[in-house]
Structures are given as structure tokens and as C-alpha cells.
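The values are calculated or read from the model by the stated rules, or taken from the named source; none is laboratory data. These numbers were taken from a predicted model, which means no experiment stands behind them. All Cβ positions, glycine included, derive from the backbone under ideal geometry; neighbour counts span all protein chains shown. Ligands, DNA and RNA are excluded from the accessible area calculation, which covers all protein heavy atoms including side chains. Shrake-Rupley method; radii C 1.70, N 1.55, O 1.52, S 1.80 Å.
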Amino acid sequence: MELASKYNPSDVEAKWYQYWLDNKLFSSKPDSREPYTVVIPPPNVTGVLHMGHMLNNTIQDILVRRARMKGKNACWVPGTDHASIATEAKVVNRLATQGIKKSDLTRDEFLKHAWEWTDEHGGIILKQLRKLGASCDWDRTAFTMDEVRSKSVNKTFIDLYNKGLIYRGVRMVNWDPKALTALSDEEVVFKEEHSQLFYLRYKIENEDGYAIVATTRPETIMGDTAMCINPNDPKNAHLKGKKVIVPLVGRVIPVIEDDYVDIEFGTGCLKVTPAHDVNDYMLGEKYNLPSIDIFNDNGTLSEAAGMYVGMDRFEVRKQIVKDLEAAGLMEKIEAYTNKVGFSERTDVAIEPKLSMQWFLKMEHLAKIALDPVMDDTIQFHPAKYKNTYRHWLENIKDWCVSRQLWWGHRIPAYLLPQGGFVVAETAEEALQLAKEKTGDTTLTIADLRQDEDCMDTWFSSWLWPISLFDGINNPDNEEINYYYPTSDLVTGPDIIFFWVARMIMAGYEYKGEMPFKNVYFTGIVRDKQGRKMSKSLGNSPDPIELIEQYGADGVRMGMMLAAPAGNDILFDVALCEQGRNFNNKIWNAYRLVQGWEVDQILAQPTSSKIAIEWFTATLHKTSLEIDEQFSQYRISEALMIAYKLFWDEFSSWYLELIKPAYEKPIDAVTYQATIAFFEELMKILHPFMPFITEELWQHTQERKEGESLMTQLVSVVDSTQIDQTLLQNFETVKQIVSGVRAVRLQKNIAQKESLTLKLIGKNELPSFDCVISKICNLSSIASVENKDETAASFMVGTTEYAVPLGDLIDVDAEIKKLEEEVNYLKGFLLSVKKKLSNERFVNNAPAAVVAMEQQKQADAESKITSLQETIASLNKA
RNA sequence: GGGCGUUUAGCUCAGUUGGUUCAGAGCAUCUGCUUUACACGCAGAGGGUCGGCGGUUCGAACCCGUCAACGCCCACCA
């Protein structure tokens with residue numbers, strides 16, 4: 001069959017992906033093999049593939065395919081995340097375009113819309129993953145809100161509640177005034193803001209004069225219930241025991257003393273607003289201060305504020321500044337930079353707010369999750385993230401798990417008419433518990449009201465490695481026992497707390513064992529200027545378009561070439577070009593081989609026999625190196641080694657060596673060996689570039705229906721099989737060949753014109769002289785005593801080689817070149833001699849090192865002698 | 001404010017317990033080449049005082065100290 005001179009990925013990718021699916025090659029069932037399990041970090045169900053997914057899933061696919069070809073039962077479980085807050089926001093926005101407000105809908109009506117949206121957009125991203133070749137077991141596709149996962153979440157919540165680890169209470173939480181929900185600490189991102197520091201005058205009661213308070217939030221003065229000074233602050237000592245009047249508001253509040261206040265900051269006076277600041281809340285608790293909540297849930301001022309009611313908090317800030325100035329109560333305004341917390345999802349400023357929420361106690365969970373990472377039971381790659389992990393666990397706070405959203409797992413708590421609540425999986429069970437708890441046997445289900453809140457999305461994702469195998473509802477089932485703990489987790493360091501740490505907690509709490517053995521942290525994909533890729537910057541290429549342009553294999557390779565573990569990758573489409581070029585190289589190497597006519601009787605040339613022996617050794621050595629890189633999760637390095645093996649060793653050296661003369665046939669032995677090498681190379685490259693390797697592997701021989709490269713095993717190599725001497729001799733061959741090529745280039749002698757090569761002063765020919773002759777087109781290689789005067793010479797090791805050139809020689813240039821080399825060697829010799837004459841070196845350095853230096857000296861001296869003789873003979877010419 | 005990390009060729013990175021000629025790779029650059037597998041190619045070449053300073057050592061890109069730049073994480077100074 002005729003193959004095109006350029007590889008066209010779009011022809012083959014869809015074909016082989018369908019073939020793999022049709023033959024169920026991605027599917028895994030427990031069997032006697034060693035399991036290799038990966039669970040996908042579930043992308044948002046309504047998400048669209050971006051470069052980050054591309055990187056992350058390429059790495060997973062490489063690991064999974066590699067494990068499969070190492071004989072393991074590889075199982076990669078895909079799925080999506082319901083992404084509570086993000087998805088709810090999208091649904092709210094869509095409804096808004098249809099003129100529907102969320103508040104106009106019932107919970108059930110809203111959820112109907114949300115499910116419609118999910119069914120419409122859900123799974124787009126999973127379809128996209130197929131384009132890049134992801135070998136997921138699609139029959140296992142899960143959703144964090146499907147039946148099994150939802151049941152797991154509820155069961156877990158109830159279990160933790162029954163263990164006393166979940167509690168409900170009014171606490172200061174991070175409130176998102178746009179999404180109208182509480183957030184966990186992890187969902188708040190602090191950003192620096194250029195704002196202002198306002199100095200407000202609080203009149204001292206029954207006295208002349210003011211206490212000056214510095215604040216960044218003058219709009220909260222309506223919530224002030226105290227002023228606080230440091231007891232050791234001399235400049236504010238006169239305020240002790242006094243009362244002050246809140247400006248504009250007119251409320252009289254006490255001056256309290258606490259050493260929390262920083263004497264140096266501002267004026268040393270702090271206004272205390274217990275309802276709207278975490279620290280003030282703490283002071284409020286300590287001194288039993290009243291708490292006035294002046295904000296509505298949406299960030300507007302509430303009735304309780306008494307002023308500016310209904311206005312937005314930021315509008316109020318502008319207005320109140322004017323009003324304070326008008327009233328003469330503004331001392332001054334300074335420019336000030338501070339950090340303000342923003343909602344990770346909606347990007348609005350967080351409002352600290354007191355509210356009733358559900359919390360999970362973290363002390364116990366943090367404790368069981370720390371050691372396994374610190375002692376490398378679970379390995380982090382790169383290990384530097386262990387520090388970050390430890391720091392978080394050692395300073396952990398309770399996890400606010402409730403969200404005031406509808407899209408998510410509803411909290412399985414039922415509020416009782418007489419106050420209090422019960423926690424149960426179903427309303428019936430709740431009723432039973434309620435009767436027991438209250439002693440009221442007349443209660444009915446209608447009397448119970450299920451808590452309106454739902455749970456943080458991460459409360460389902462933290463169970464993922466267990467719930468995917470139904471290990472919560474159905475502990476000890478065959479699948480969980482076989483696939484758990486999973487092998488490798490591939491994810492970004494940005495979710496180390498959200499997800500990785502919590503999965504480790506859940507793993508130990510519910511399985512008594514780690515959820516995964518290794519965590520590979522990818523970097524962030526940035527553009528080549530180092531900016532994070534984002535929609536708003538428009539600097540993120542569409543991965544699907546890249547695949548169409550360069551082929552999935554090309555894009556995969558492009559990503560991996562630049563992706564060392566834990567380092568950000570600076571992505572440039574030029575990398576995909578490199579990937580595409582490599583595909584084309586592989587394609588054409590195969591075109592060359594398959595175009596040869598095989599002669600069954602033809603004897604094998606010695607040079608081919610040597611080439612096969614050499615490449616066998618090279619292949620084995622390189623396979624071991626690739627294994628080594630994989631074991632350290634250095635996937636880019638593994639790919640680079642494979643790349644060089646194919647391009648340099650196989651294509652540039654091996655194929656050139658065995659290539660028959662134009663239109664001449666090749667002998668059968670060499671041909672067979674070459675096909676076998678090619679197949680082995682396809683196996684090595686397959687995890688990185690699955691499509692082209694499958695395509696060509698299917699070409700090399702007649703294959704049975706359903707047979708695939710995917711399920712072949714890569715050869716196991718024993719390091720003792722490798723002939724090191726052979727490899728070393730061949731390196732010398734390469735250097736000699738380079739020497740001759742350099743002569744050709746310099747003198748502009750075409751490859752067609754044959755040359756001769758002389759070894760000076762050696763009695764034996766170099767190893768593999770037939771190989772050298774073939775590659776360099778030499779008519780002879782001979783050892784001679786005396787130099788030919790009209791020859792170009794070069795040195796390899798301590799041997800001098802000469803290529804007689806007759807009239808072509810430029811004697812002066814040749815002499816100049818040799819003299820330069822002699823000068824370099826003399827300088828080198830000098831430094832070696834200096835070292836050797838240093839007594840302290842000779843006495844202290846290990847004998848082997850000293851011997852090496854002596855050898856260097858001897859070699860340099862002999863080289864110099866040889867070159868000087870050559871120069872002398874050239875001078876005669 | 002605390003903690004961690006990075007700094008090696010134009011770019012992205014290797015460099016294992018300090019010792020084969022103070023340095024390697026890929027890409028990029030430059031020079032040749034219409035050599036019938038591939039110009040998405042072939043053959044070559046150039047390019048680094050290993051962030052600065054100081055120290056330990058016979059010997060430092062590697063160990064120690066210090067400074068600087070950049071990055072990340074954490075943190076309740078309004």
C-alpha cells in the first residue's frame with residue numbers, strides 16, 4: 001500500500017479510537033493481574049475542555065497506557081462534578097436571560113432547570129477527552145450527584161454526625177453576597193486593593209474632644225458596639241473607662257481594653273463591629289458586646305442599620321464619607337493598600353457574616369491524614385508540596401460544609417416543630433428518630449422540615465476514590481477491594497487543600513487506608529509570556545482546534561515536552577509543531593522500511609549484522625532509562641529519551657546503516673530485525689502518541705480483528721543483557737564518522753565521491769570498519785606508519801585519522817587548524833600538570849582520581865606529539 | 001508578617017552522594033545541502049565568568065553563610 005509522504009492524523013485518529021471502543025480495550029474488570037487505578041479529577045459537568053484539562057488528562061493517559069503495557073490491569077475511571085456553586089450560577093444566569101428570577105421558582109422547579117442544563121451540556125467535556133485519546137473505561141462514567149454518589153454523601157454526612165464530628169451553629173462565616181451562600185475558607189481568595197484609610201471622629205461623651213478611629217470600612221459604623229484600645233497605650237490612656245459617640249449614628253458605646261489592639265496602627269483606637277469582622281466578633285464574644293447585623297444577605301443595608309437602608313454596601317461607603325465630611329467628623333483620609341477577600345467563584349468581596357451553618361470538625365481528620373504524607377506512604381511529586389500540606393493540616397479550622405444553594409446534595413437534617421433537628425437518610429427514618437427524640441408519637445412527616453441548605457461540592461469529591469467503586473454504600477465489595485487504593489492521582493497544586501488533603505482524610509476514615517499511592521502535581525499552563533491562560537485574556541488556544549491542526553499525538557507531545565512535574569508550563573504552539581514534526585518523522589521512517597523489496601536468498605552484509613547488534617543494545621539500554629524516568633514521574637524526560645532514540649539512534653544511525661543501495665533489495669534477516677525494532681519502538685512511544693503508533697503497528701504485519709498495540713506488553717529488559725563494550729565501540733565509530741563528514745563538508749566533497757581513511761601509527765583497524773566504510777562511502781580503511789602529506793586529519797581519543805585529499809588539500813588552513821588544537825591541548829596539559837604537582841591534591845584525592853589525572857597527562861602528551869608530527873609533515877609539503 | 005521554592009546557553013529545562021577538559025539536552029540561531037523516507041528534512045557550527053559576594057575543601061554548578069530578583073502558599077493589623 002502506498003503511504004502519503006506526510007502523516008495525516010485526522011484520517012487515523014477517529015478510526016482507531018472507535019476501534020478501541022468497539023473492542024472494549026479500555027474496559028477493566030477485576031482479575032488476577034495487579035490493578036492500576038486512576039480516578040479522573042472530575043471536571044465541572046458543564047465545563048469545556050481547556051489547556052489545563054489537556055495537560056492533566058494527557059499525563060493520566062500516558063500513565064494508564066504505560067501501566068497497561070507493563071501488564072497491569074489498568075482502570076481509569078471518568079466522571080464529572082456537579083460543581084454546586086459554579087453550575088448554579090450558570091443556571092441562574094441562563095434563567096435571567098429568559099426573564100426568570102431564581103426567587104420566583106420553587107426548589108423543585110429550579111432543580112428541573114438545572115438538570116436540563118446538565119443534560120444539555122453535561123458530558124461535552126467527556127466527549128472532548130476522547131479526541132485526545134483518553135483511554136478511560138467509559139462504562140464506569142460517574143457523576144458526583146448520581147444515585148450511588150449521592151447516597152454515599154448522605155451516608156457519610158450521617159455517619160460523621162453520629163460520630164459527633166458534624167455540628168450546627170451560628171458562626172462567623174465567609175458570605176458571598178452575590179451567590180447568597182456561605183463559603184469555606186478555601187474558597188476565599190485575598191487580593192490586594194488600593195483603598196483608603198478613613199480617620200473618623202468619635203466624640204467623647206460629656207467631654208470636649210474626639211477619639212480618632214482609623215477604618216477601611218466607614219459604612220460599618222452603624223454596627224459599632226464598642227471602641228477598643230490597648231491597655232498599655234499611653235496616648236489613649238485618657239479614654240479608659242469613657243464612652244464615645246458613634247459619628248452620625250449618635251449611639252453611645254463603651255471604650256474597652258484589649259491587647260489585641262496594635263498600638264502602632266492608625267491611632268491605636270479600634271472600632272468594634274462584632275457582626276461584620278472576624279476579629280471584632282472575637283472581641284464581642286470576649287466582652288459580651290451586642291452585635292448589630294446591618295447587612296442584608298445581598299450586601300445591601302438592612303433595617304437594623306437604621307440609615308441608608310436598602311443601599312448597596314459600596315454605595316454607602318461613598319455616601320457616608322460625604323456625610324461624615326459634611327458633619328465635620330472626618331479627620332483625614334489616607335491612601336492605603338490592604339487585602340480583601342473575594343469569592344473564588346463570583347469574584348465579589350466577601351462579607352464576614354454571622355449565620356447558622358453546618359461544620360465538620362477537622363482535628364481528628366487532620367491528624368489521620370498528616371503522617372502518611374510526611375512519611376511518604378503517599379508520595380507527592382514533587383515532594384516540595386509536603387510542606388504546604390503539613391502547614392495547612394497543622395493550622396486547620398473546622399470546615400463549613402453547608403451552602404445556601406439548591407444545586408447539590410441537600411443536608412439530610414430535619415428540623416423539628418419544637419426546635420432541634422434529627423439527621424437521617426430518609427424522611428421516614430427521620431420521623432422515627434424525631435419520635436424517639438421528642439417522645440411525641442403524634443408527629444408526622446409533614447411536621448418535619450428538611451434543612452434547606454445543600455453541601456459543599458467538595459463534600460462529594462472527597463469520597464471520589466471510594467464512591468466510584470461504591471465503597472461507602474457497599475464496603476467490601478469486589479471492586480473496591482480490588483481497585484482501592486488507587487495508584488496515581490494527577491491534579492493541580494491549586495486544589496491540594498480542597499481535594500487532595502480531604503480525599504486522604506476520607507480514605508483513612510472510611511477505608512482505613514490511603515486513597516492513592518502517588519500524587520503527581522501538574523503545573524499551571526501559561527502562555528509563552530508567562531501569563532496564566534484565561535478566557536478573559538483570550539490567550540488560551542482551544543485544545544480541540546489544536547488537535548485538528550496538529551493531531552492529538554502532536555499536541556500531546558507538545559504539551560509533554562514542556563511539562564516537568566510541578567513546574568508551570570509555558571505553552572507555545574511551536575511545541576505542537578515539534579510534536580507534529582516528530583509524527584511525520586516516524587511516519588516517513590516507516591515509509592522507508594515498508595518500501596524495501598525483500599530478497600530471501602540475499603546474504604546479510606556484515607555492517608547490517610553489526611548495526612542490529614548495536615541497536616539491540618541501544619534499545620535495551622534506553623528502555624531501562626525510560627523505566628527509570630517513569631518511576632520518578634519524570635514524564636517529559638522519558639519522552640525526550642524516547643524521542644532521541646527514534647530520531648537519532650534509529651533513524652539517523654540504524655536506518656542509514658542498513659539501508660540498501662538505491663533500488664536494491666534488502667536481505668530477509670535484516671528486514672525482519674528492522675520490523676521487530678520498529679514494533680518495539682511503537683510500543684515505547686504508544687503511551688505518548690497512541691494514534692500514529694497504533695496505525696503503523698497495524699501496518700507492520702497482518703493483524704487479527706480486535707488486536708491492538710494498546711494491549712501489547714513492552715519488552716522487559718535485564719541490564720546484564722546489555723553489551724556495554726559494543727556500545728562504547730560504536731560511540732567511537734560515530735566520532736570517526738563525524739570526523740570524515742567534517743572533512744567532506746569543509747572541502748565540499750560530495751557523498752558520492754569515495755574517500756580513503758588512514759589510521760596513523762596504529763596496527764589495528766577500528767572496530768566495525770565496515771560500518772564506517774558504508775556510512776562514509778570509503779573505498780578503504782588502512783593503518784599506516786607514515787603520514788600522507790596531503791591529508792586532512794582529525795583525532796578521536798588518542799588516535800589520529802587522516803583522509804588523503806591530493807590536490808584538494810589547503811595546507812595552510814590545515815596547519816592552522818592543527819595548531820589551534822595543539823594550543824588547546826597544551827593549555828589543558830598545563831592545568832593537569834599543575835594539579836598533579838600540587839602535593840595536597842596528590843595526597844588527599846582518592847587514588848582513582850589521581851590516576852585519572854595521570855592518564856589525562858599521558859593522553860594529552862601523546863596527542864600533542866602526534867599532531868606536531870603531522871604539522872611538520874604538512875610543512876614539508 | 002511567616003513559610004517554601006526558583007535563579008545553569010536566546011527560550012524551556014537536565015546536572016544523581018562535590019572529582020573523567022567549569023558544564024549537557026531539546027527548541028531557536030547560523031553555515032552548507034533539490035543526497036529518490038522525511039525541507040514537518042539531512043550534515044555541520046556557534047553560543048554559558050552555572051544570580052552577586054564571602055566561606056569550607058587539594059578540588060564547588062553541587063556544601064555553608066549572606067545579599068538580590070522572581071514565583072508560590074499561608075496569615076485576624078482595623
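Pairs spanning more than 18 Å between alpha-carbon atoms, out of A:K367/A:K511; A:K242/A:K332; A:K163/A:K435; A:K191/A:K386; A:K609/A:K774: A:K242/A:K332; A:K163/A:K435; A:K191/A:K386. Rounded to two decimals, the Cα radius of gyration of the stretch A:232-330 over 2.2 N^0.38 Å is 1.17. If you look at the Cα atoms of chain A, you get an Rg and a Dmax of 37.4, 123 Å. In the calculated pair-distance distribution of the stretch A:304-359, the portion above 18 angstrom amounts to 57 percent of the Cα-Cα pairs. The spacing between the stretch A:483-549 and the stretch A:44-102, judged by their C-alpha centroids, is 11 Å.
Under 19 Å of direct C-alpha separation, and excluding same-chain neighbours fewer than eight residues apart, A:K243 reaches these lysines: A:K203, A:K235, A:K271, A:K286.
Here A:L592 and A:K752 are evaluated by their C-beta separation; at R0 = 22 Å the FRET efficiency comes out at 0.65.
For the stretch A:293-334, pairs of C-alpha atoms spaced more than 18 angstrom apart make up 32 percent of the total. The portion of the accessible surface of the stretch A:78-131 made up by carbon and sulfur, rounded to a whole percent, is 55 (1.4 Å probe; DNA, RNA and ligands excluded). Per residue, the accessible area of chain A comes to 45 Å² when a 1.4 Å probe rolls over the protein heavy atoms. Note on the stretch A:369-443: Cα Rg divided by 2.2 N^0.38 Å, N the number of residues, gives 1.82. For chain A, the longest principal axis of the C-alpha atoms and the axis of helix A:811-837 are separated by about 60°. For the stretch A:708-779, the percent of C-alpha pairs falling in each 5 Å distance bin, counted from 0 to the bin holding the largest distance, reads 3, 13, 19, 17, 12, 9, 8, 8, 7, 4, 1, 0. Per the Debye formula on identical point scatterers at the alpha carbon atoms of the stretch A:122-230, with no solvent, log10 I(q)/I(0) at q = 0.14, 0.15, 0.23, 0.24 Å⁻¹ is -0.94, -1.00, -1.31, -1.33. Using the rule -39500 (n - 2.57) for each DSSP H run of four or more residues, divided by the residues of chain A, the 222 nm mean residue ellipticity is -13500 deg cm²/dmol.
A:H699 contributes an accessible area of around 50 Å² to the protein surface, as traced by a 1.4 Å probe with all chains present.
Computed over Cα pairs, the Kirkwood radius of the stretch A:38-156 leads via Stokes-Einstein (1.002 mPa s, 20 °C) to a diffusion coefficient of 135 µm² per second. Computed over protein heavy atoms with a 1.4 Å probe, the carbon and sulfur contribution to the accessible area of the stretch A:764-869 reaches 50%. With distances taken between every two different alpha-carbon atoms, the stretch A:1-95 has a Kirkwood hydrodynamic radius of 16.4 Å.
With a 1.4 Å probe and all protein chains left in place, how much of the accessible area of the stretch A:696-763 comes from carbon and sulfur atoms, in whole percent? Answer for the stretch A:696-763: carbon and sulfur cover 45 percent of the accessible area. Based on the reciprocal of the average 1/r between different C-alpha atoms, the Kirkwood radius for the stretch A:474-579 equals 16.1 Å.
Kindly express, to the nearest 10 degrees and within the range 0 to 90, the angle between helix A:690-700's C-alpha long axis and the longest C-alpha principal axis of chain A. Taking the Cα atoms of chain A, the angle to A:690-700 is about 30 degrees. In the assembled protein chains, A:I749 presents an accessible area of approximately 10 Å² (probe radius 1.4 Å). Against the main long axis of the alpha-carbon atoms of chain A, helix A:552-561 sits at an angle near 90°. Taking the Cα centre of the stretch A:725-810 as reference, the dipole from Cβ charges on Lys and Arg (+1) and Asp and Glu (-1) amounts to some 320 debye.
With one equal scatterer per alpha carbon and no solvent term, the Debye-computed log10 I(q)/I(0) for the stretch A:442-520 at 0.11, 0.24 1/Å reads -0.38, -1.10.
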